[in-house]
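Encoded as structure tokens, the structure appears first; notes follow it.
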Amino acid sequence: MSLREIVSKPDLLLPGHSACPGCPSAIALRMALKALGEKTVLVIPASCSSVYQGIYPGESFNVIVYNVAFASAAAVASGIRRALTKKGYTDVNVVVWGGDGGLVDIGMATMSGAAERGEDLIAICYDNEAYMNTGIQRSGATPPGAWTTTTWTGKTEIKKPMPFIMLEHGARYVATASVGYPIDIYNKVKKAASLRGEGFRYIHILAPDPPGWRFDASLTVELGKLAVNTGFWPLWEAEVINGKIKFRLNPPSNKLLDPSKRVPIEKFIEKQGRFRVAKEFHLRKLHQQMDFYWQLVKAYLSISKD
Amino acid sequence: MSEVLALTGNEAVAWGVRLSRVEVVAAYPITPQTVIVEKLSEWVEGGELDAEYIRVESEHSAMSAVIGASAAGARAFTATSSHGLFYMYEMVAFAAGARVPVVMGVVNRFVGPPWNIWADWMDALATRDLGWIQIWVSNNQEALDSIIQAYRIAEDKHVLLPVMVMLEGFVLSHTSAPVRVPDQKDVDEFLPSYNPPHYVLNPEISKTFGFGNIVWPWDTVHLRWDMHKAMLSAKGVIRRVVREYEERFGVNHGGLIKEYKVDDAEVVIVSMASIAETAEIVVDELRKEGLKVGALKIRFFRPFPTKEVIKALKDKYRVVVVERDISLGHDGVLAMELRSVLHRYDLQIPVYSISLGLGGDEILPRQIKKVVKEVM
Ligand SMILES: Cc1ncc(C[n+]2csc(CCOP(=O)(O)OP(=O)(O)O)c2C)c(N)n1
Ligand code: SF4
Ligand SMILES: [Mg+2]
């Protein structure tokens with residue numbers, strides 16, 4: 001579907017929300033809601049999204065929204081889904097919309113449980129690589145070398161490979177996406193919604209965050225593209241059908257298996273203030289992270305060849 | 001037709017859930033509650049109970065899932081104990097704030113360390129101020145009946161608060177007793193299916209709305225006030241539900257409180273849970289010795305039965321509270337509650353507090369008798 005067609009769909013993210021200028025979460029949510037439509041219940045753990053939707057009695061997300069405790073989203077959504085199923089309402093999208101803190105860290109066990117049970121949900125993580133709502137603290141999804149207010153001299157560990165972890169749960173559909181590619185977000189959410197009734201679906205959207213990553217608000221989409229083109233964040237999707245994994249790289253990542261085809265990572269790093277503290281060993285770690293992610297990609301590609 | 005079965009306290013709770021036609025169960029095992037979740041699973045798998053069963057990965061998720069299910073319009077149940085209750089604590093508070101009328105069985109157990117799986121009230125008492133209605137039961141029959149009553153109370157449109165039903169680990173949970181299991185048809189008439197009087201998380205039924213986003217302090221005060229009012233209205237609802245239950249099923253375990261030979265008593269033993277039954281034995285024995293003693297059981301700890309307690313105790317000489325808890329560094333929790341009520345009504349009745357049976361330690365009638373005699 002073309003961007004023009006997507007944009008012409010009703011906007012369920014209403015004007016008047018209070019996200020920062022250039023907010024990647026709002027861009028991604030706008031796309032996701034266009035794909036999901038009105039018959040959707042959003043379950044939102046503590047995060048920027050629980051704040052920028054507006055203050056009571058205002059509400060700028062024009063679907064049913066349930067704001068829940070930080071670690072609880074996938075479990076609350078499981079309860080909603082089962083109740084609706086029990087009462088015969090099967091064509092409603094029950095969707096977890098959360099940050100990397102809520103889904104990758106504190107809610108990890110909850111996500112794991114819901115995925116293992118094959119709950120008929122879509123979980124979408126907008127990953128801005130830190131706890132932004134509480135003032136830019138490190139999360140398990142923060143990359144090496146990044147400054148945060150709990151890693152003043154740069155994080156030393158690599159980013160938790162959450163989408164791969166969800167895939168290993170046997171989730172029905174898992175995809176990565178980036179705010180640099182909004183049509184891809186739309187298509188992947190649409191795909192996930194089309195698999196309603198078939199189990200747990202997970203989409204992990206990299207979300208370059210102007211205040212948290214320290215860049216100008218006009219550059220959100222550009223950084224989203226650079227993250228992919230440098231090979232920092234490969235775009236892929238995978239389906240698990242009867243225990244068989246069908247994994248594929250999406251453009252433009254499908255051209256980037258060969259590292260020489262990638263835009264140098266420095267182009268991505270130099271545009272962000274958060275990497276200013278990064279030392280040589282941080283950058284080595286960052287390269288290791290990229291190698292690690294691409295090794296996983298290759299492994300899954302080779303598994304799904306036969 | 002109703003029938004009498006030999007049931008443990010846990011089985012009695014499970015029967016209460018089954019008869020209440022609960023639609024979503026989410027639970028996690030912990031001793032001594034485990035039999036409840038096992039029994040319910042067996043019935044759901046066998047088709048005796050037509051419910052969705054969510055086999056969650058933790059108690060935090062168990063409470064989260066029943067909150068979601070209830071907010072989407074289903075009747076939901078969970079059960080836990082001790083460490084499990086503490087693990088879900090955040091969501092226990094959330095359930096009350098979200099005004100979901102879920103019911104939870106709490107099989108009271110000590111919270112470690114050390115590991116101790118036996119009865120203690122410290123688990124449920126720690127949730128006192130969160131906005132849950134609390135029923136403390138004294139026997140297995142009451143456990144079953146209280147679950148059914150709990151849904152009627154919780155789902156009343158003047159209440160809409162969650163209810164905990166407490167039974168002591170092993171003392172009741174693993175001890176068999178004859179229990180009359182009411183007829184399903186009678187229960188269906190007493191407890192119609194849950195029909196939420198408000199918006200539900202279902203776009204096929206409710207218009208778009210948002211729940212739980214940021215609320216300013218001045219609006220939050222109103223939400224809290226509404227919860228407090230609902231707690232207070234619950235007292236009237238409880239009295240009515242208990243009366244109707246007695247009319248239909250012929251059993252009465254007490255309303256907010258249960259009195260035993262209190263009228264002419266000089267000293268009253270106040271307690272909850274199974275200790276309340278021990279207290280009645282003590283009363284009979286002391287009366288044989290010519291001492292005017294009575295027993296008062298607090299059946300509903302929240303909302304606190306202020307009026308009933310004042311009416312029962314206002315002309316008494318001494319009050320002895322026997323409880324399976326202690327607020328370390330201060331006193332027994334129930335004793336503190338009683339003193340606050342008596343003080344508010346300007347009654348200068350000495351309240352003696354005995355904390356007994358912690359971590360499942362034995363509670364012997366002679367221990368209670370000794371204290372009562374000392375204060376007379
Ligand atoms: C149990 C608990 N611990 C801590 C918090 C405080 N808290 C609220 S939002 C948040 C960070 C959210 O981070 P993330 O999920 O990445 O979303 P973002 O703010 O980046 O959008 C934290 C730590 C909380 N609400 N609950
Ligand atoms: S901190 Fe980031 S995610 Fe949060 S509102 Fe601002 S731009 Fe959006
Ligand atoms: Mg974040």
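The values are calculated or read from the model by the stated rules, or taken from the named source; none is laboratory data. Computed from a predicted model, the values in this text were never measured in an experiment. Using ideal geometry, Cβ is built from the backbone for each residue, glycine included, and neighbour counts are taken over all protein chains shown. Remember, those area values only see protein heavy atoms, side chains included, never the ligands or the DNA or RNA. Shrake-Rupley method; radii C 1.70, N 1.55, O 1.52, S 1.80 Å.
Okay, here's what the table says:
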item: Cross-chain or 6+ apart pairs with Cβ under 6 Å, the range B:206-217 first and at positive phi, then in a strand (DSSP E or B); result: B:Gly212/A:Asn67
item: Given (1) more than 16 Å from ligand 1 (Cβ to nearest atom); (2) within 25 Å of B:Asp50 (Cβ to Cβ); (3) in contact with a strand residue (DSSP E or B) (Cβ under 7 Å, 6 or more places away or on another chain), index of the condition A:Val76 fails; result: (1)
item: Selection status of A:Pro24, of a type outside the set (A, V, I, L, M), more than 7 Å from every other protein chain (Cβ to nearest Cβ) and farther than 29 Å from B:Val24 by Cα; result: yes
item: Near pairs, Cβ below 7 angstrom, 6+ apart or cross-chain, from the range A:11-25 (under 17 Å from A:Val221 (Cβ atoms)) to any residue that is within 14 Å of ligand 2 (Cβ to nearest atom) and open to solvent by 60 Å² or more (accessible area, probe 1.4 Å); result: A:Leu13/A:Arg30; A:Gly22/A:Ser218
item: Residues located in the range B:57-72, provided they are facing chain A (nearest Cβ under 7 Å) and crowded, with 24+ Cβ neighbours inside 10 Å; result: B:His60, B:Ser61, B:Ser64, B:Ala65, B:Val66, B:Ile67, B:Gly68, B:Ala69, B:Ala71, B:Ala72
item: Single condition A:Lys9 does not satisfy, out of (1) closer than 27 Å to B:Glu204 by Cβ; (2) within 14 Å of chain B (Cβ to nearest Cβ); (3) open to solvent by 40 Å² or more (accessible area, probe 1.4 Å); result: (2)
item: Candidate set: the range A:27-46, residues that are open to solvent by 10 Å² or more (accessible area, probe 1.4 Å) and within 14 Å of chain B (Cβ to nearest Cβ); chosen: the one farthest from B:Pro203 (Cα to Cα); result: A:Ala46
item: Any hit, the range B:223-236, residues being open to solvent by 40 Å² or more (accessible area, probe 1.4 Å) and in contact with an Asp or Glu (Cβ under 6 Å, 6 or more places away or on another chain); result: no
item: Residue tally, condition open to solvent by less than 10 Å² (accessible area, probe 1.4 Å) and more than 22 Å from the chain's Cα centre (by Cα), over the range A:86-101; result: 0
item: Residues of the range B:19-56 that turn out to be under 13 Å from A:Lys86 (Cα atoms), within 8 Å of another protein chain (Cβ to nearest Cβ) and free of Cβ contacts under 8 Å to residues at least 40 places away in the same chain, as a count; result: 3
item: Residue match in the range A:56-63 (condition: within 10 Å of another protein chain (Cβ to nearest Cβ), free of Cβ contacts under 8 Å to residues at least 40 places away in the same chain, touching a Gly at 6+ places or on another chain (Cβ under 8 Å) and hydrophobic (A, V, I, L, M, F, W, C)); result: no
item: Per-region count, the range A:66-76, residues closer than 14 Å to A:Ala123 by Cα, within 7 Å of another protein chain (Cβ to nearest Cβ) and touching a Gly at 6+ places or on another chain (Cβ under 6 Å); result: 2
item: Test: residue in the range A:237-255 that is assigned to a helix (DSSP H, G or I) and open to solvent by 40 Å² or more (accessible area, probe 1.4 Å); result: yes
item: Count of the range B:140-166 residues which are farther than 22 Å from B:Val237 by Cβ and within 12 Å of the chain's Cα centre (by Cα); result: 0
item: A:Ser18 more than 7 Å from every other protein chain (Cβ to nearest Cβ), out of contact with any Leu (no Cβ under 7 Å at 6 or more places or on another chain) and open to solvent by 50 Å² or more (accessible area, probe 1.4 Å); result: yes
item: Elements of type helices (runs of 4 or more DSSP H) in the range B:104-216, at least 1 residues being surrounded by fewer than 16 Cβ atoms within 10 Å (Cβ to Cβ) and more than 14 Å from chain A (Cβ to nearest Cβ); result: B:184-190
item: Options A:Gly88, A:Gly113: the member that is more than 20 Å from A:Ile205 (Cα to Cα), free of Cβ contacts under 8 Å to residues at least 12 places away in the same chain and not aromatic (Phe, Trp, Tyr); result: A:Gly88
item: Selection status of A:Val104, open to solvent by less than 10 Å² (accessible area, probe 1.4 Å), more than 8 Å from every other protein chain (Cβ to nearest Cβ) and away from ligand 2 (no atom under 16 Å from the Cβ); result: no
item: Breaking point among (1) closer than 28 Å to A:Gly22 by Cβ; (2) among the basic types (Lys, Arg); (3) within 18 Å of the chain's Cα centre (by Cα), for A:Arg248; result: (1)
item: Among the candidates A:Ala109, A:Ala74, A:Ala83, A:Ala115, residue that is modelled with pLDDT of 95 or more, more than 15 Å from ligand 3 (Cβ to nearest atom), open to solvent by 10 Å² or more (accessible area, probe 1.4 Å) and hydrophobic (A, V, I, L, M, F, W, C); result: A:Ala109
item: First in the range B:248-264 and exposed (fewer than 14 other Cβ atoms within 10 Å of the Cβ), second anywhere and of a type in the set (Lys, Arg), Cβ under 7 Å, 6 or more apart; result: B:Asp264/B:Lys292
